[in-house]
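Asks: Have a look at this one.
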Amino acid sequence: MIKNDYLLIFIGLVMLILGVLIGVAFLTLLERKVLGYIQIRKGPNKLGIIGILQPFSDAIKLFTKEQTYLLYSNYFVYYFSPIFSFFLSLLIWMVIPYYFNMVSFNLGFLFFFCCTSMGVYALMGAGWSSNSNYALLGGLRAVAQTISYEVSLALIMMSVIIMIMDFNLLKFSNYQVMIWFMFIMLPLSLCWLSSSLAETNRTPFDFAEGESELVSGFNIEYSSGGFALIFLAEYSSILFMSMLYILMYVGGYDLTFFFYLKLVFISFFFIWVRGTLPRYRYDKLMYLAWKSYLPISLNFLMLFIGVKIFFI
């Protein structure tokens with residue numbers, strides 16, 4: 001009986017990972033289409049009906065290309081950094097609070113922080129091991145940025161945790177039946193959104209791959225499969241951050257069509273920002289993290305602790 005249970009859990013997790021990968025594939029298609037229409041042109045529209053098969057064509061092209069081997073790279077780290085990054089971005093999905101058959105995390109938030117903190121090492125390894133100055137600069141920028149914004153992310157999440165007094169992601173839907181947390185803590189939810197843009201290295205905070213300065217940043221020496229894995233890890237993180245935002249601020253987890261509609265909208269927001277905003281200046285990014293978001297999140301944390309103590 002126990003063996004069958006474990007088998008069902010394993011099958012469920014495999015289905016989850018497949019779902020995430022298919023979601024990532026169509027998120028890339030959505031991004032290319034939306035950016036196309038923002039720039040008043042068509043996106044991919046040749047392969048299949050309105051370009052629906054384009055992601056699969058890209059995947060086949062990337063994974064069948066010849067892998068380049070750099071002579072002066074630290075080969076072991078260079079080879080495994082993208083794999084490690086991709087593995088972490090899929091592992092983080094295990095905290096989804098399914099009602100049935102899945103791994104139930106009572107400490108989902110802590111697991112999330114462990115995984116995102118480990119992601120910094122993959123970035124650093126990818127930038128350092130390829131032994132290119134551009135890649136190293138991109139990696140250093142990405143690490144500094146990710147570490148800075150993790151602090152504000154942790155403090156913003158602390159306010160939400162104080163509200164429900166639990167690390168379990170499933171509890172959020174119970175507390176948001178009457179009103180979404182987004183309305184109670186609007187400034188914090190907006191801080192979370194922009195911090196998650198910085199955390200996933202997305203425009204306007206994509207300094208790790210500033211094409212005008214760093215010629216693509218930490219992933220410059222990667223081609224074919226390695227580049228595809230870094231790409232998949234980034235888009236998987238975008239989907240996860242969108243889902244986490246919905247869990248925390250926009251009604252919690254429920255198996256309805258409306259939940260997935262909200263998920264698509266927040267993912268669309270990431271793309272919309274990319275098509276609309278110019279890149280930030282690096283010193284301003286650091287200023288925003290340490291001198292704006294840190295005081296705001298600390299003050300709100302004090303406020304919510306006070307509210308909780310008062311009502312208890």
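The values are calculated or read from the model by the stated rules, or taken from the named source; none is laboratory data. Just so you know, these numbers come straight off a predicted model, no measurement behind them. Every residue, glycine among them, receives a Cβ derived from its backbone with ideal geometry; neighbour counts consider all protein chains shown.
Asks: Residues that are in contact with a Phe, Trp or Tyr (Cβ under 9 Å, 6 or more places away or on another chain), charged (D, E, K, R) and modelled with pLDDT of 85 or more: does the stretch 132-144 have at least one?
Replies: Within the stretch 132-144, not a single residue is in contact with a Phe, Trp or Tyr (Cβ under 9 Å, 6 or more places away or on another chain), charged (D, E, K, R) and modelled with pLDDT of 85 or more.
Asks: Also: Please go through the stretch 21-53 and pick out each residue that is among the hydrophobic types (A, V, I, L, M, F, W, C), in a helix (DSSP H, G or I), closer than 21 Å to SER267 by Cα and free of Cβ contacts under 8 Å to residues at least 24 places away in the same chain.
Replies: ILE22, ILE50
Asks: Select, from LYS65, LYS46, the only residue that is more than 30 Å from SER132 (Cβ to Cβ) and of a type in the set (Lys, Arg).
Replies: Only one candidate passes the filter, namely LYS46.
Asks: Under the condition of being more than 17 Å from ILE230 (Cβ to Cβ) and in a helix (DSSP H, G or I), which residue from the stretch 77-96 is nearest to the chain's Cα centre (by Cα)?
Replies: Among those residues, the one meeting the criterion is TRP93.
Asks: Quick check, is SER73 small (Gly, Ala, Ser), in contact (Cβ under 8 Å) with a residue 40 or more places away in the chain and either part of a helix (DSSP H, G or I) or touching a Gly at 6+ places or on another chain (Cβ under 7 Å) (or both)?
Replies: So SER73 fails the test.
Asks: Can you tell me which residue is farthest from LEU91 (Cα to Cα) among those in the stretch 248-271 that are of a type in the set (Ser, Thr, Tyr) and surrounded by fewer than 17 Cβ atoms within 10 Å (Cβ to Cβ)?
Replies: For the stretch 248-271, the residue satisfying everything is THR256.
Asks: While we're on this one: Looking for something in contact with an Asp or Glu (Cβ under 9 Å, 6 or more places away or on another chain) and under 17 Å from GLU199 (Cα atoms) - is there at least one such residue anywhere in the stretch 132-140?
Replies: Within the stretch 132-140 (the criterion being in contact with an Asp or Glu (Cβ under 9 Å, 6 or more places away or on another chain) and under 17 Å from GLU199 (Cα atoms)), the answer is yes, since at least one residue qualifies.
Asks: From LEU229, LEU301, LEU277, grab the single residue that is under 30 Å from SER173 (Cβ atoms) and modelled with pLDDT of 80 or more.
Replies: LEU301
Asks: Return the residues of the stretch 155-173 that are of a type outside the set (A, V, I, L, M, F, W, C) and outside any helix (DSSP H, G or I); say none if nothing qualifies.
Replies: ASP166, ASN168
Asks: I've got another one for you. Here is a check on your reading of the model: is LEU18 aliphatic (A, V, I, L, M), closer than 26 Å to TYR222 by Cβ, free of Cβ contacts under 8 Å to residues at least 60 places away in the same chain and not in a helix (DSSP H, G or I)?
Replies: Taking the combined requirement at face value, the residue does not satisfy it.
Asks: Right, here's the next one. Which residue, of TYR280, TYR293, TYR245, is surrounded by 14 or more Cβ atoms within 10 Å (Cβ to Cβ), without any contact (Cβ under 8 Å) to a residue 60 or more places away in the chain and under 21 Å from the mean Cα position of the chain (by Cα)?
Replies: TYR245
Asks: So which residues in the stretch 251-285 are in contact with a helix residue (DSSP H, G or I) (Cβ under 6 Å, 6 or more places away or on another chain) and either closer than 18 Å to PHE26 by Cα or part of a helix (DSSP H, G or I) (or both), if there are any at all?
Replies: LYS262, LEU263, ILE266, SER267, PHE270, ILE271, GLY275, TYR282 - these are the residues of the stretch 251-285 that are in contact with a helix residue (DSSP H, G or I) (Cβ under 6 Å, 6 or more places away or on another chain) and either closer than 18 Å to PHE26 by Cα or part of a helix (DSSP H, G or I) (or both).
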